[in-house]
Amino acid sequence: MTRRPGGFFVAGVVARMISTYLWIAAGGALGSMARFWLAAVVAEIMGPQFPWGTILINILGSFAIGFFGTFTGPAGRVIASFNARAFVMVGICGGFTTFSAFSLQTLDLARESHWAQAGGNVALSVVLCLLAVWTGHALAAALIPAQE
């Protein structure tokens, strides 16, 4: 067996990449379970006629990614590793937020000729999620000391 130069380097890169994928998978599992639980709780409280759970989930996820992305970014208050950021932002937020569910629920409302509800779902989701991501960013930025 012949060793190639840099073989240990390549093995190290692959090991780090696999580690990152495992962190993302773990975060995705947690985010997905949280989404399933919260959607069920909201449907129980508000009823299943309108996708309030999906809207709330996407607002919370937008806030979380806006806050965490800014708070742990290069100029943030807390230094987070690449894997920690991937775990939260790609894994948890990716598993928690539900663009595919939002799209399907909007299509279902439109197919049932509930045009006002379909439009309301689109408008509320887009406006409130943009507001939430901006609010998360602004809050995290306010917690970061000014550079002198």
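The values are calculated or read from the model by the stated rules, or taken from the named source; none is laboratory data. Since we're looking at a predicted model, the values are computed, not measured. FYI the Cβ positions are ideal-geometry reconstructions off the backbone, even for glycines, and counts take in every protein chain you see.
Assorted remarks:
- When Ala84, Ala80, Ala146, Ala116 are checked against the criterion of being farther than 28 Å from Thr20 by Cα, at pLDDT 95 or above and surrounded by fewer than 20 Cβ atoms within 10 Å (Cβ to Cβ), a single residue qualifies: Ala116.
- Checking each residue in the range 85-117 for being touching a Lys or Arg at 6+ places or on another chain (Cβ under 9 Å) and hydrophobic (A, V, I, L, M, F, W, C) picks out Phe96, Ala101.
- Matching residues, the range 121-141, being in contact (Cβ under 8 Å) with a residue 24 or more places away in the chain and either surrounded by 15 or more Cβ atoms within 10 Å (Cβ to Cβ) or of a type in the set (Val, Ile, Thr) (or both): Asn121, Leu124, Ser125, Leu128, Cys129, Ala132, Val133, Thr135, Gly136, His137, Ala140, Ala141
- Tally, over the range 74-110, of residues that are in a helix (DSSP H, G or I), in contact (Cβ under 8 Å) with a residue 12 or more places away in the chain and among the hydrophobic types (A, V, I, L, M, F, W, C): 14
- Selection from the range 90-113 of residues that are surrounded by fewer than 19 Cβ atoms within 10 Å (Cβ to Cβ), farther than 20 Å from Gly31 by Cα and not hydroxyl-bearing (Ser, Thr, Tyr): Leu107, Asp108, Ala110, Arg111, Glu112
- Residues in the range 65-73 include at least one that is in a loop (DSSP other than H, G, I, E, B) and either among the aliphatic types (A, V, I, L, M) or farther than 21 Å from Ser100 by Cα (or both).
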